[in-house]
Amino acid sequence: MKKILFVLTLGLALVLTSCGDQHKAQSLVKDFLNENLENEDCSFKRFSQLTPTAMIDFNRVKSMRQEMNQLPYMKKNIDYNDGTFPDTLMYLRATYQLTTHDGKKEELTQTFYLDKALTRVIAFKEN
């Protein structure tokens with residue numbers, strides 16, 4: 001009986017922790033976009049599940065940053081609060097609707113790479 005109770009408690013703790021991380025990651029991405037979009041008029045549609053990856057290296061991050069610096073709706077020279085490059089990144093896809101300066105609506109899906117502690121966006125790319 002004690003083992004079953006322990007397993008259930010552990011499972012509940014894991015579920016609550018993962019929900020907290022998901023919410024924290026979504027908030028981080030929203031804050032990043034609100035700070036770095038030229039036109040802050042966006043509405044979020046959906047987010048994917050937060051997932052770890054070790055497939056992104058620093059050279060790929062530099063390349064993504066250069067590519068995203070060319071987007072007309074993003075501010076130039078985004079400050080990524082660079083620190084040490086983590087071994088494992090967490091990623092999350094965000095789909096949102098952006099209203100352009102002339103009133104047109106555009107739906108975008110981008111993948112955001114976050115540090116494992118979910119304190120900063122490392123890079124992002126268009127899907």
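The values are calculated or read from the model by the stated rules, or taken from the named source; none is laboratory data. It should be emphasised that the depicted structure is a prediction, and the values quoted were computed from it without experimental measurement. No Cβ is skipped: glycine too gets one built from the backbone with ideal geometry, and neighbour counts run over all protein chains shown.
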Residue among Asp82, Asp41 that alone is without any contact (Cβ under 8 Å) to a residue 40 or more places away in the chain and charged (D, E, K, R): Asp82
Options Tyr113, Tyr80, Tyr96; residue that is among the aromatic types (Phe, Trp, Tyr) and not in a strand (DSSP E or B): Tyr80
Tabulated pairs, region 54-65, first farther than 14 Å from Asp87 by Cβ, second not in a helix (DSSP H, G or I), C-beta under 6 angstrom, 6+ apart or interchain: Met64/Ala123; Met64/Lys125; Arg65/Ala123
Of the criteria (1) among the aliphatic types (A, V, I, L, M); (2) under 21 Å from Gly20 (Cβ atoms); (3) in contact with a Lys or Arg (Cβ under 9 Å, 6 or more places away or on another chain), which one Leu98 fails: (2)
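Could you list, in sequence order, the residues of region 38-55 that are part of a loop (DSSP other than H, G, I, E, B) and under 14 Å from the mean Cα position of the chain (by Cα)?
Residues satisfying the conditions are Ser48, Gln49, Leu50.
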Whichever residue in region 68-97 is under 15 Å from Leu118 (Cβ atoms) and among the hydroxyl-bearing types (Ser, Thr, Tyr) and, among such residues, is surrounded by the most Cβ atoms within 10 Å (Cβ to Cβ): Tyr91
Conditions (1) more than 14 Å from the chain's Cα centre (by Cα); (2) touching a residue at least 40 places away in the same chain (Cβ under 8 Å); (3) assigned to a strand (DSSP E or B); number of the one not met by Glu106: (2)
Criterion: at pLDDT 95 or above, over 19 Å from Glu35 (Cβ atoms) and not acidic (Asp, Glu) - qualifying residue of Tyr91, Tyr96: Tyr91
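Considering each residue of region 64-84, count those that are touching a strand residue (DSSP E or B) at 6+ places or on another chain (Cβ under 9 Å), modelled with pLDDT of 90 or more and not aliphatic (A, V, I, L, M), and give that number. Outline the logic, then answer.
Taking region 64-84 first, the residues touching a strand residue (DSSP E or B) at 6+ places or on another chain (Cβ under 9 Å) are 64-65, 67-68, 71, 73-75, 78, 80-82.
With the extra rule that they be modelled with pLDDT of 90 or more, the set shrinks to 64-65, 67-68, 71, 73-75, 78, 80.
Right, trim to not aliphatic (A, V, I, L, M) and you get 65, 67, 73, 75, 80.
Count: 5.
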